[in-house]
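FYI, it's all coordinate maths here, none of it is from the lab. Quick caveat: nothing in here was measured; it's all calculated off a predicted structure. Here Cβ is always computed from backbone atoms with ideal geometry, including for glycine, and neighbour counts include all displayed protein chains.
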Amino acid sequence: MRNRLRPTSPQRQDNPLMRLRTLLCALGLGLLPAVPAAHAEAATTLVVSPTGDDAGPGTVERPLRTIQRAVDLAVPGTSILVRGGTYAVTTNIRIRTSGTAGNPIRLANYPGERVVVDGENLPASHTPVGGGIPREQRGVFHQEASYWHVSGLEIIRGPYAYYCAGCNHNVFERLVTRDNYESGFQLQGASSGNLILDLDSYGNRDPRKNGESADGLAVKEGSGSGNVVRGARLWNNVDDGFDAWLFTSPIRVEDSVAYGNGYNRWNLPDFSGDGNGFKLGGGNPAPAAAHVVVENYAWGNAAGGFVDNGNPGAIRFDRNTAWRNAKNGFTVDRSASKLTGNLAVGNAKPVSLGSSTGSGNSWDVKSSWSDSDLVSTDASTITGPRDSAGKIRSSRFLEPKSYPGLGART
C-alpha cells in the first residue's frame with residue numbers, strides 16, 4: 001500500500017518504536033515525534049498491559065499495569081494504549097487532568113485487541129436498595145476533565161460505566177457499556193461540546209432503585225451547548241434508552257437506535273422502569289430545551305418511542321421511526337415541537353400531538369399503517385455487528401415501500 005511504512009533495514013523493521021508509530025497511525029492518533037532522545041516514546045505514548053508493572057516506563061516492551069497509573073502520568077498530547085485483557089478494578093479510574101484543544105489526551109484499546117474494564121469489585125456496584133452512590137464513586141471511569149478522546153473500551157458491572165461531570169470538548173467513541181448497576185454512560189453538570197459516537201449500551205439496571213434510573217445513555221441534570229450523540233445503540237436497559245432529564249440546553253441526537261428498554265428482565269421487586277426509547281426532558285418543572293432529534297429508530301420499548309416528558313421546549317423531530325412500542329410512537333403533547341417526515345407504525349397510537357405542529361409525517365400521509373407497508377421488519381442487520389469502522393450497517397429495516405421521504409435510514 002502506498003502509505004505503508006517501508007523499513008530500509010532489518011534493524012528498523014524490528015524497532016518497537018516503529019511498530020508503535022504504525023499502530024498509532026492506524027488508530028488516528030498521529031505519529032510520534034522523530035526526536036533522538038531515548039525516552040521520547042515514554043513521554044508521548046504510554047502502554048498498559050495486564051502483565052505490566054506500574055514502576056516501569058510504559059513502553060511497548062515495558063508497559064504499565066494499570067490504566068489509572070497511565071491516566072495519572074498523562075499530560076496534554078499523551079496517548080494511552082491499553083493491551084487486550086480484563087482489568088478488574090477495586091477503585092474507580094479517576095480522570096482529572098485535561099488536555100488542550102491542540103493536544104487532547106487519548107485513551108484507546110491497542111489496535112485489534114479487546115479491552116474489558118470490570119467494576120464488579122467496586123463497593124458502589126452493590127449499593128443496597130434505597131441507598132445512594134456518592135458522587136466521587138460514580139462510574140468505573142469517573143471523569144471531571146476536558147479534551148479527552150476515549151475509544152475502544154468495554155466497561156462492565158460498575159456503578160455507572162462511564163460518568164463524566166463538568167466535562168467539555170471530549171470525544172467518546174466506540175465504547176461498550178453493558179451490565180452495569182446504573183446508567184451505561186452519563187454526562188451531567190456544566191458540560192459542553194462533547195461528542196458521544198457509536199456507543200453500544202445495553203443490559204444496564206439499578207437494583208438499588210428497582211429500575212427507576214438506569215438508562216443506556218443519560219445526558220441529564222446539567223447544561224451546556226454543542227453536545228452531540230451519533231450512532232448510538234441503546235437496548236434492553238431497565239429504564240430508558242436515552243434520557244435528557246433536567247438538561248437545560250439543546251442536545252442533538254442522530255442516527256441512533258433504542259429498543260427493548262423498560263422491561264424487568266432481572267425480576268426486580270416493585271419495578272419502576274419507564275421504558276421509553278428516547279426521553280427528551282423531564283423534571284419538576286421540566287426545563288424548556290430545544291433538542292434536535294434526527295433519523296433515529298425506536299422500537300419494542302415498554303412505553304413510548306419518542307417522548308417530550310413534559311419538556312415545554314421547541315424540540316425538532318426529523319425523519320425518525322417508531323415501531324411497535326407499547327405506548328405512543330411520538331408523545332409531544334406538552335412541548336412546542338415540530339415534526340417533519342417521521343414514521344410511526346404498529347404503536348398503541350402513532351402520535352399524541354397536543355399543540356405541537358408538523359408536516360409530511362406518516363399520520364399526515366394516511367390514517368392507517370401496518371407492517372405490510374414496510375420493506376423489511378428484520379432488525380438483524382441493524383442490531384448485529386458493526387462494520388469495520390464501528391458504524392451501524394445499512395439495511396432496509398422499517399423502510400416504507402412508498403413515501404421515500406418518511407422515517408430513518410441506516
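Summary of computed values
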quantity: Residues of segment 163-197 classified as buried (at least 23 other Cβ atoms within 10 Å of the Cβ) and among the acidic types (Asp, Glu), total; calculated: 1
quantity: All strands (runs of 3 or more DSSP E) inside segment 79-118 with 1 or more residues being touching a Lys or Arg at 6+ places or on another chain (Cβ under 7 Å); calculated: 79-82, 115-118
quantity: Answer residue from segment 369-385, given it is outside any loop (DSSP other than H, G, I, E, B) and of a type outside the set (S, T, N, Q) and is nearest to Thr410 (Cα to Cα) among those; calculated: Ile382
quantity: Residue that is in contact (Cβ under 8 Å) with a residue 12 or more places away in the chain, in a loop (DSSP other than H, G, I, E, B), in contact with a Leu (Cβ under 9 Å, 6 or more places away or on another chain) and surrounded by 24 or more Cβ atoms within 10 Å (Cβ to Cβ), where the choices are Gly211, Gly262; calculated: Gly211
quantity: Residues of segment 378-406 satisfying the condition of being under 20 Å from Tyr202 (Cβ atoms), surrounded by 12 or more Cβ atoms within 10 Å (Cβ to Cβ) and not hydrophobic (A, V, I, L, M, F, W, C); calculated: Asp378, Thr381, Thr383, Arg386, Gly390, Lys391, Arg393, Ser395
quantity: Residues (farther than 19 Å from Ser146 by Cα, in contact (Cβ under 8 Å) with a residue 40 or more places away in the chain and surrounded by fewer than 16 Cβ atoms within 10 Å (Cβ to Cβ)) located in segment 50-102; calculated: Glu61
quantity: Any hit, segment 137-145, residues being within 18 Å of the chain's Cα centre (by Cα), of a type in the set (S, T, N, Q) and within 26 Å of Gly193 (Cα to Cα); calculated: yes
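Yes/no per residue for (1) of a type in the set (Asp, Glu); (2) touching a residue at least 40 places away in the same chain (Cβ under 8 Å); (3) not in a strand (DSSP E or B):
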position	(1), (2), (3)
Ala314	no, no, yes
Ala322	no, yes, no
Phe330	no, no, no
Pro350	no, no, no
Ser355	no, no, yes
Ser367	no, no, yes
Asp387	yes, no, yes
Lys391	no, yes, yes
Tyr403	no, yes, yes
